[in-house]
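Peer 1: Handing you a structure now.
The values are calculated or read from the model by the stated rules, or taken from the named source; none is laboratory data. What you see is a predicted model; the values in this text were computed from it and never measured. Every residue, glycine among them, receives a Cβ derived from its backbone with ideal geometry; neighbour counts consider all protein chains shown. Heads up: the accessible areas ignore ligands, DNA and RNA and are worked out on the full protein's heavy atoms, side chains in. Shrake-Rupley method; radii C 1.70, N 1.55, O 1.52, S 1.80 Å.
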Amino acid sequence: MKMLVGLAALAVAGGLVAAICLAADSGGTDWQAACGTTPASTAGKHPGAVADARKALLSNGNDPRLEMEVVDLDACAVEVGWKADQPQPTASVVKLLIALDLLDRSGVPEDSDAVHAMLAASDDRVASRFWQQLGGPAIVRRQAGKLGLTHTSPPDDPGQWGSTKMSPEDVVTVYRHITSARSADERDFLTEALESAPLTAADGFDQHFGIPRAFPGATWAIKQGWGTSEGRRVLNTTGLVRTGSRTFAVAVMSTWDDSIDVGTATKALTTATGALKDSLVANGKLT
């Protein structure tokens, strides 16, 4: 990988108890949504969830930094936001931009298995190959300009694609674009790969932290990120979540001092994401 990862496979134990019984993710979901415009702001909602999410990280020390946004795609409204305009290193979340750039050039590519592996298994070798072929930092600049990503920038080192920076707000904008603006074929191609994310990524990392464990039983389509950048441990959980009643775009992004134990960090981020889910349940947004 172009980031300094050096992470062993993890078996993050447990998971949060679900308050909802929903269909398990199985791929092939139609993720079309109509939230193509800027979501309505709902500042001040779910203050307890924000406080609990922050506490989950702060209680472990190691200088955690947390930014997050949750958008209800059915209502096209922000449900939860905390420092959502603050850019963080993306790690593998930037692979969404690489995939979109490929689609802009030729539609669903002939080399679809490779793109699927890049998104589902988070294969870094495939990402590095496409990054080089498509112009590296130019990918980020093109997609930021096209999608209006105002808090997104390419890495200072052109070869370190995982050090691309995006804000949670911009990551959610990418998911809104995928669900509202791409053709059905392209949308299905992308989301089927994201729905198929296996427990163990191509590099051996347990990538079911955050959303998959915080929303057990829900249908999800995720792009996770992990690694190190600029001396910081990076853990990001992002994606689409569908329950029996609503569809959400979620981006919970964090960095820590790189001395933190990775298992501790993934557990804390899952707890933080679970706090958001619990608040949505308590406020009648999840059934």
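Peer 1: Filter the range 29-50 down to residues that are surrounded by 21 or more Cβ atoms within 10 Å (Cβ to Cβ) and assigned to a loop (DSSP other than H, G, I, E, B), then give me how many there are.
Peer 2: 5
Peer 1: Looking at the range 184-242 only, could you name the residues that are aromatic (F, W, Y) and more than 15 Å from S254 (Cβ to Cβ)?
Peer 2: F189, F205, F215, W220 - these are the residues of the range 184-242 that are aromatic (F, W, Y) and more than 15 Å from S254 (Cβ to Cβ).
Peer 1: Sticking with this one: If W131 meets every condition in (1) modelled with pLDDT of 95 or more; (2) of a type outside the set (G, A, S); (3) open to solvent by 50 Å² or more (accessible area, probe 1.4 Å) apart from one, which number is that one?
Peer 2: W131 satisfies all of (1) modelled with pLDDT of 95 or more; (2) of a type outside the set (G, A, S); (3) open to solvent by 50 Å² or more (accessible area, probe 1.4 Å) except (3).
Peer 1: Looking at the range 145-162 only, could you name the residues that are surrounded by fewer than 24 Cβ atoms within 10 Å (Cβ to Cβ) and assigned to a helix (DSSP H, G or I)? It would help to see each step written out before you state the result.
Peer 2: In the first step, residues of the range 145-162 are kept if they are surrounded by fewer than 24 Cβ atoms within 10 Å (Cβ to Cβ); the result is 145-151, 153-160.
G145, K146, L147 - these are the residues of the range 145-162 that are surrounded by fewer than 24 Cβ atoms within 10 Å (Cβ to Cβ) and assigned to a helix (DSSP H, G or I).
Peer 1: Then there is this: Give the number of residues within the range 275-287 that are assigned to a helix (DSSP H, G or I), open to solvent by 50 Å² or more (accessible area, probe 1.4 Å) and either in contact (Cβ under 8 Å) with a residue 40 or more places away in the chain or closer than 22 Å to V234 by Cβ (or both). Before the answer, list the steps.
Peer 2: Within the range 275-287, the first condition is being assigned to a helix (DSSP H, G or I), and the residues that meet it are 275-282.
Checking which are open to solvent by 50 Å² or more (accessible area, probe 1.4 Å) leaves us with 278, 282.
Among the residues that remain, those that are also either in contact (Cβ under 8 Å) with a residue 40 or more places away in the chain or closer than 22 Å to V234 by Cβ (or both) are: 278.
Summing the residues that are assigned to a helix (DSSP H, G or I), open to solvent by 50 Å² or more (accessible area, probe 1.4 Å) and either in contact (Cβ under 8 Å) with a residue 40 or more places away in the chain or closer than 22 Å to V234 by Cβ (or both) in the range 275-287 gives 1.
Peer 1: May I ask you to list the residues in the range 108-138 that are touching a Ser or Thr at 6+ places or on another chain (Cβ under 9 Å) and not in a loop (DSSP other than H, G, I, E, B)?
Peer 2: H116, M118, L119, A120, D124, A127, P137, listed by residue number.
Peer 1: Does G81 satisfy being more than 18 Å from Y175 (Cα to Cα), out of contact with any Leu (no Cβ under 9 Å at 6 or more places or on another chain) and open to solvent by 20 Å² or more (accessible area, probe 1.4 Å)?
Peer 2: Against the criterion (more than 18 Å from Y175 (Cα to Cα), out of contact with any Leu (no Cβ under 9 Å at 6 or more places or on another chain) and open to solvent by 20 Å² or more (accessible area, probe 1.4 Å)), G81 does not qualify.
Peer 1: So, one more: Please enumerate the residues belonging to the range 77-93 that are over 24 Å from D258 (Cβ atoms) and of a type in the set (S, T, Y).
Peer 2: Matches in the range 77-93: none.
Peer 1: On the given criteria, is I211 buried (at least 24 other Cβ atoms within 10 Å of the Cβ), β-branched (V, I, T) and within 22 Å of A265 (Cα to Cα)?
Peer 2: Spelling it out, I211 is indeed buried (at least 24 other Cβ atoms within 10 Å of the Cβ), β-branched (V, I, T) and within 22 Å of A265 (Cα to Cα).
Peer 1: Out of curiosity, is L199 in contact with a His (Cβ under 7 Å, 6 or more places away or on another chain) and over 15 Å from L97 (Cβ atoms)?
Peer 2: Yes, satisfied.
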